[in-house]
Amino acid sequence: MTAPRLDPPPLPIRTERLVLRYVTLDDLDALRYYTDPEVCRYLPFPAADEEALAARVQRMSERLAPSEPDDVLSLAVVHDDVLVGDLILRLRTRADEDTAPSVGEIGWAFAPEHAGRGFATEAATALIDLAFSHYPLHRLIAHLDPRNLRSAALCERLGMTREALLRKSWPEPDGTWTDEAFYGLLREEWPRPTAG
Ligand SMILES: CC(C)(COP(=O)(O)OP(=O)(O)OC[C@H]1O[C@@H](n2cnc3c(N)ncnc32)[C@H](O)[C@@H]1OP(=O)(O)O)[C@@H](O)C(=O)NCCC(=O)NCCS
C-alpha cells in the first residue's frame, strides 16, 4: 500500500491585501528579482542569469500539487495585480510510505521594492494556515543563514521558535561553510492567540 495522493490546494487564497495563486510562465518579468544578487545572498542558489531564470519560472509553474516528500508548492503573492513575491511549501518527512508527509518546510522571497510593508508576514501567515488546514502536517520548519536578519525576523513575527543553530553546516560558493538556523512551528501552536 502507498499513501493516497493529496488534493491540490484550494486557490486562489485571498488575504486582506494579497492574493496567493499559482505561478505561471507569464510571471517571468515579475520574478526577475531572482537575478538580483542581494535577494539571492542567502538563498541556496546563486543569482540567476536569463537562462536560469526561465528554468526557475518553468519549475515554479509546475509545482502545483505536492503530495510526496520533496514535492513543492510554489505560490505567487500578488498585491493590486502586481506580483510582489513568492512562497514555497516543501513536503518533507513522513512516518512511513503508507502515510502522507507530516513535516513541511516554508520559504519566501520578495521583490526588494515591495519589502517593509508586511506583505511577507501576511502571505506567510496564509501559507501556514494552508499548511495546517489543507495538508496533514504537524510541524513546519524554516531554515536560514542566521545572517539573514530579515528572514529571521519574519520567522519570529510568525511565532516560530528558533530550535537549532548548526555551525558551519551549509556550503558557500567560495568554498567556506556557513551556519544554519532552524525555526519550527507545531500545529498546536497555530493559530497564535490574539492579543486582548
Ligand atoms: C525575508 C524577506 C521576505 C523579508 O521581507 P520583509 O519586507 O522584511 O518582511 P515583511 O514584508 O513582512 O515586512 C516587515 C516589515 O514591514 C513592517 N510592516 C509594515 N506594515 C506591516 C504589517 N501590516 N504587518 C507586518 N509588518 C508590517 C514591519 O514593521 C517590518 O518592518 P522592519 O523591516 O522595519 O522591521 C525579504 O527580506 C526577502 O525576500 N529576502 C530575500 C530572499 C530571502 O533571503 N529569503 C529567505 C531565505 S531563508
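For the chain, the mean residue ellipticity at 222 nm estimated from helices alone is -5500 deg cm²/dmol, where every DSSP H run of n ≥ 4 contributes -39500 (n - 2.57) and the total is divided by all residues, rounded to the nearest 500. Based on alpha carbons, the Rg and Dmax found for region 13-189 are 15.8, 44 Å. Look at where the Cα atoms of region 124-179 and of region 87-120 average out, and the two centres are 9 Å apart. Between GLY175, GLY118, GLY184, the Gaussian network model of the chain with springs among Cα atoms under 10 angstrom shows the greatest mean-square fluctuation at GLY175. Relative contact order, whole percent, for the chain stands at 17, derived from Cα pairs under 8 Å and 6 or more residues apart. About its Cα centre, the chain has a charge dipole of approximately 580 debye under the convention of +1 per Lys or Arg Cβ and -1 per Asp or Glu Cβ, with nothing else charged. Could you check which residue among GLU163, GLU113, GLU122 shows the biggest mean-square fluctuation in a GNM of the chain with a 10 Å Cα cutoff? Maximum fluctuation in the GNM of the chain, among the listed residues, is at GLU113. Principal axis extents of the C-alpha atoms in region 1-69 (largest first, rounded to whole Å): 43, 36, 23.
Return the single residue from LEU158, LEU28, LEU149 with maximal mean-square fluctuation; model: Gaussian network over the chain, springs between Cα atoms under 10 Å. Among LEU158, LEU28, LEU149, the largest GNM mean-square fluctuation belongs to LEU149. Distances between placed amide hydrogens fall under 5 Å for ASP71 paired with LEU91, all partners being 5 or more residues away or on another chain.
Every number in this text was worked out from the coordinates using simple rules, so none of it is lab data. The structure displayed is predicted, hence computed values, not measured ones. Here the Cβ is made from the backbone with ideal geometry for all residues, glycine too, and neighbour counts use every protein chain on show.
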